[in-house]
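The values are calculated or read from the model by the stated rules, or taken from the named source; none is laboratory data. No experiment lies behind these values; they were computed from the predicted model shown. All Cβ positions, glycine included, derive from the backbone under ideal geometry; neighbour counts span all protein chains shown. Heavy atoms of the whole protein, side chains included, go into the accessibility calculation; ligands, DNA and RNA do not. Shrake-Rupley method; radii C 1.70, N 1.55, O 1.52, S 1.80 Å.
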Amino acid sequence: SQDRVFNFAAGPANLPENVLLKAQSELYNWRGSGMSVMEMSHRGKEFLSIIQKAEADLRTLLNIPPEYSVLFLQGGATTQFAAIPLNLCKPDDKVDYVVTGSWGDKAFKEAQKYSQPKVIWSGKSEKYTKIPAFEELEQSPDAKYLHICTNETIHGVEFKTYPTPKNGLLIADMSSNFCSKPVDVSKFGIIYAGAQKNVGPSGVTVVIIRKDLIGNAQEITPVMLDFKIHDENKSLYNTPPCYGIYMCGLVFEDLLEQGGLGEIEKKNKRKADLLYNAIDESKGFYRCPVEKSVRSLMNVPFTLEKSELEAEFVKEAAKEKMVQLKGHRSVGGMRASIYNAMPLAGVEKLVDFMKDFQAKHA
Ligand code: PMP
């Protein structure tokens, strides 16, 4: 609508307009219950119907096999950096981390407190612009799992295929490309993601976990981090983030109505192609440092050849209702996050703006 901006934030990020309008229409009195979702008991039949529908729709979207549990948790993906080694390892167990950006690095550092992680590949010396060739990975023969971050939000590098872990257990932080394309869940032991980029508001973390991995947590594991507790109680051990789960449910419904993740991926590719082409065809005025084959469909970092113009770029774009284009403080430049809910029109407007800006300053 006219009074909304195109929000290119990395997360919390924009939500589909029709989802927001639906939530607005149901806010005051949810489907004749006489109350809003925020006021409901998490154990009442109304909320149970909401969380069950959200799970069922997510299972349909990602084609999640029955031997996997779906948990709706709190604490963000950051909490999972600790929960995963706590649930899967003894303190002296070895685990492998492929570090393709800052988030993978944070996950590795947290795992040091509860296991013996090893960085078997790091893209740091190349400023996190690459994904390794899988055959070059020197996996530890006795590692309990291999951890990857499938899309590095800050650096804009995305796995397009996945490595095969030696012992079969691949763990993935999918926070910033969750539900942006089809994924073969059966390749993973655990997939986890904060909701606030592609599927809802902040405050909800989705964990998809193979059931046989549940139930071996270290003794010191807090109840709130123990997958067994949450699994046995169907994410209702304590008060869950009810409103956030409801919002995720509306987004899942919307993604299904759009034709599912195959259709979503097509839309995301079209948007990303448009933007990367504009960068690549600018004769060096704009540059994206990421290796072409692993450029993210979700987060597009770019710099200006004349870096002194970057602040002006961000300011002028904001005047035209395109906001949050400043790059992460650790990388600089610009970053356009174009998650599922960013309409094609938003990317088209940005590309037009980029061409005008270049013409003015070339
Ligand atoms: N992993 C990735 C890939 C992320 O993008 C983020 C958040 N930007 C996190 C983890 C941390 O998530 P949270 O803030 O939900 O803890």
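Assorted remarks:
- Flag for V314 being under 25 Å from Q196 (Cα atoms), outside any helix (DSSP H, G or I) and either at pLDDT below 95 or open to solvent by less than 40 Å² (accessible area, probe 1.4 Å) (or both): no
- Some residue of the range 9-18 being in a helix (DSSP H, G or I), closer than 26 Å to S180 by Cα and either within 16 Å of the ligand (Cβ to nearest atom) or open to solvent by 70 Å² or more (accessible area, probe 1.4 Å) (or both): yes
- In the range 210-230, the residues that are without any contact (Cβ under 8 Å) to a residue 12 or more places away in the chain form Cβ pairs under 8 Å with partners that are open to solvent by 30 Å² or more (accessible area, probe 1.4 Å), at six or more places apart or across chains, as follows: I229/V223; I229/Y237.
- Note on the range 183-207: residues that are away from the ligand (no atom under 15 Å from the Cβ), of a type in the set (V, I, T) and out of contact with any Leu (no Cβ under 7 Å at 6 or more places or on another chain) total 0.
- Of the residues contained in the range 141-151, none is found to be within 20 Å of A217 (Cβ to Cβ), within 16 Å of the ligand (Cβ to nearest atom) and among the hydrophobic types (A, V, I, L, M, F, W, C).
- Elements of type helices (runs of 4 or more DSSP H) in the range 26-135, at least 2 residues being closer than 18 Å to L225 by Cα and open to solvent by less than 40 Å² (accessible area, probe 1.4 Å): 76-88, 102-111
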